[in-house]
Structure formats: C-alpha cells, structure tokens
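Report on the following structure.
The values are calculated or read from the model by the stated rules, or taken from the named source; none is laboratory data. Keep in mind that this is a model prediction, so the values were computed, not measured. All Cβ positions, glycine included, derive from the backbone under ideal geometry; neighbour counts span all protein chains shown.
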Amino acid sequence: MTGASAPAGAAALAPVRLAIVGVGHLGRHHARVAAELPGIALVGIHDHHEGRAEEVARERGLRVLSGPEEVAEAAQAVVVATPTSSHGELGRFFLERGLDVLVEKPLAPAVEEASALVALARSLSRVLAVGHVERHNPAVQALLARTEPPLFIEGLRLAPFTPRSLDVDVVLDLMIHDLQIVSDLVRRPVVEIRAVGMPVVTSRIDIANARLEFEGGCVATLTASRVSPERMRKLRVFGPSLYCSVDMHARTIRARRLADGGGRTALPVNVEVPVESGDPLTRELEDFAGAVRERRDALVSGEVGRDALVLAHQVLDAIAAHRAKAGAGGARA
C-alpha cells in the first residue's frame with residue numbers, strides 16, 4: 001500500500017462492501033458499529049457457532065452468510081473476529097480471494113504465521129489491518145501527538161475474569177495493546193526484557209508484569225491482569241519536562257510540565273491536553289474503510305501488528321525463563 005489519495009469521482013465515495021466473520025463478543029460490536037457507519041455497506045455476517053449469526057442478524061436486520069466462500073463472493077473487505085487460532089487460515093483465505101482484511105488482535109498465534117500474512121498481503125497489494133483498537137483511542141492519539149521522547153513509562157491494564165479469549169494468555173489478550181502503544185511512543189529497539197507471570201484461574205498466564213528497556217535508556221513497566229476485581233486501563237509517561245497520565249477508559253489526559261523556576265528548582269504546572277471525542281472502534285473501522293478506498297496502509301498495518309506480536313512473544317519467553325528459574329515450570333502456560 002501507499003499513501004496515495006483516493007481518486008476523484010463517485011467511485012471514490014462508493015461504500016465499502018464489508019462482511020464480518022465471527023460475531024462473538026468483539027464481532028457483535030463490529031456489526032453494531034459497521035451497520036451504522038456511512039461509507040460502509042455491511043453486506044452480511046458469518047459465524048460457525050449454530051444460531052449465533054442468526055441472532056445478531058435479527059437484532060440488526062442483517063444477512064447471514066453461509067460460510068467463508070459466500071463472504072468472499074459478497075464482500076470486498078472483511079473483519080475477522082474469530083478465535084486467534086483461526087486468524088492465519090481465515091486471513092490467508094480472504095487475501096487470496098482478493099479481499100482486504102482487518103484481523104482482530106493478535107494478528108496470529110505465532111510470529112511465523114503473522115509474517116506470512118503480511119508477506120501475502122504485500123504480494124497481492126491488499127490492505128491488511130490489525131484490530132489494536134486502543135491505538136485508535138482519542139486519548140492515546142492525543143498523547144502520541146503531544147509527548148516528548150519518554151524516559152519512563154508505566155502501564156496498568158486490569159480486567160475482571162471473563163470466559164472469553166481463553167485461547168491465548170493475558171500477554172496476547174491484553175498486554176499486547178500497551179506493547180504496541182509503547183513501541184509507538186519510544187520508537188527505538190528493545191535491548192532487554194524481564195518479565196514474570198503466572199496462571200491463576202486458567203492453565204495459561206493470567207497475570208503478567210514486564211520490564212522493557214529500550215535503546216537510549218527508556219524503561220517501560222507494564223502490568224496486565226485478567227483476574228482483577230477492578231477494571232483499569234492507564235498509562236503514565238514521564239519525559240524530561242512533561243508528565244502525562246492517560247486514562248484510556250475515560251479517554252482523558254492529565255499533564256504537568258516543569259516550568260522555569262527563575263533560578264530555583266523548576267516547578268510543575270498543569271498543562272491542558274485536548275482530547276477529541278470519538279469511539280475507538282468507530283475510528284478503527286473508519287480508518288480501515290478509508291484504507292480500502294484510498295489503497296493505503298491502515299493506521300495499524302499488518303507490519304505494526306506483527307511487530308507487536310514479536311514483542312509479546314519476547315515477553316512470553318522472558319516469563320517462561322523466569323518460571324523455569326523459579327522452579328514453577330518453563331512452559332508458556
């Protein structure tokens with residue numbers, strides 16, 4: 001893809017014919033938002049669970065598509081919101097049939113599979129986007145537009161336990177959001193990762209903490225839990241003179257800057273950081289539809305999603321090494 005603008009004329013304004021495959025928890029939200037977005041014609045939905053697609057279709061007045069083959073015939077673009085284990089197979093199927101594809105995060109279970117999808121999309125000149133919806137959060141976008149090169153970052157992403165996304169651990173389920181955002185903030189290679197994690201209510205890692213040191217000295221500590229009694233999505237970013245605290249749930253930023261103390265110790269003063277209104281999922285789907293029409297990369301391209309997956313697997317490797325050292329077993333549970 002390139003950054004070329006859409007061609008002038010009616011064809012550029014034609015709605016993107018979109019289908020959604022997988023209408024579980026996330027897919028239902030995709031269907032709800034896409035059904036109401038100008039610029040998108042939601043041509044149908046599919047889910048392999050018997051009755052699920054029919055239920056969502058009744059709620060939204062949508063067409064049920066019988067399978068991936070009918071999806072490929074009806075749509076020019078597709079959202080894949082199925083379990084992670086099926087992302088690679090379905091993504092490849094639709095790319096090979098000429099569709100542009102938005103795959104929910106993580107892009108695939110394994111880095112090799114994700115890299116294969118990226119290479120295939122490039123070879124076929126198709127849009128491949130990854131559903132890192134938090135990157136479309138207006139507060140995160142305001143942070144990235146305002147912040148100076150960070151020295152220290154602290155992230156907390158906590159959620160109560162729910163019986164979904166259990167085919168992956170908490171690093172691929174939740175922490176990967178913050179790994180991707182931190183990568184965009186620092187824009188330098190990681191030189192060291194230390195991490196701890198453990199299963200709590202599942203056989204996989206349910207709570208994890210990672211310390212990442214980047215080239216140049218910036219350090220990020222990230223904690224993710226899917227067994228917390230409270231829900232929290234916060235990021236604190238410390239720069240040489242600016243501190244930003246982002247509440248991704250409330251979509252707000254509190255910031256303080258060191259002011260000139262006139263020869264005395266610099267004093268922190270409050271700084272207003274405007275945050276636009278807007279729903280992250282709406283923004284994600286609008287960006288994907290724009291990428292399809294304009295033949296450009298999505299904000300979170302396949303490469304960006306692949307790189308976040310690489311970092312997530314490095315965190316998992318560090319957790320496994322720590323568990324082996326601590327005698328808790330080295331398997332990536």
Review point. Quick check, is residue 145 in a helix (DSSP H, G or I), modelled with pLDDT of 95 or more and at negative phi?
Key: no
Practice item. For the stretch 32-103, please list each of the helices (runs of 4 or more DSSP H) lying entirely inside it that holds at least 3 residues being touching a helix residue (DSSP H, G or I) at 6+ places or on another chain (Cβ under 7 Å). Key: 87-96
Review point. Quick check: anything in the stretch 204-211 in contact (Cβ under 8 Å) with a residue 60 or more places away in the chain, farther than 17 Å from residue 172 by Cβ and surrounded by fewer than 22 Cβ atoms within 10 Å (Cβ to Cβ)?
Key: no
Review point. Within the set of pairs 6 or more residues apart or between chains, which connect a residue that is in the same structural domain as residue 22 (by TED's automatic domain parsing) and farther than 13 Å from residue 169 by Cα inside the stretch 104-116 to a residue that is assigned to a loop (DSSP other than H, G, I, E, B) and not small (Gly, Ala, Ser) with Cβ atoms less than 7 Å apart?
Key: 114/107
Review point. Out of all the residues in the stretch 151-174, which are buried (at least 21 other Cβ atoms within 10 Å of the Cβ) and closer than 22 Å to residue 219 by Cβ?
Key: 153, 155, 157, 170, 171, 174
Practice item. Scan the stretch 289-303 for residues that are among the hydrophobic types (A, V, I, L, M, F, W, C) and part of a loop (DSSP other than H, G, I, E, B) and report the count. Key: 3
Review point. Of (1) farther than 19 Å from residue 105 by Cα; (2) among the hydroxyl-bearing types (Ser, Thr, Tyr); (3) crowded, with 16+ Cβ neighbours inside 10 Å, residue 183 satisfies all except one. Which?
Key: (1)
Review point. Looking at 157, 164, which one is out of contact with any Phe, Trp or Tyr (no Cβ under 7 Å at 6 or more places or on another chain) and either assigned to a strand (DSSP E or B) or in the same structural domain as residue 95 (by TED's automatic domain parsing) (or both)?
Key: 157
Exercise for review: Among what's in the stretch 250-272 and is surrounded by fewer than 11 Cβ atoms within 10 Å (Cβ to Cβ) and in a loop (DSSP other than H, G, I, E, B), pick the residue that is modelled with the highest pLDDT.
Suggested key: 272
Check your understanding: How many of the residues making up the stretch 188-214 are under 26 Å from residue 323 (Cα atoms) and assigned to a loop (DSSP other than H, G, I, E, B)?
Key -> 9
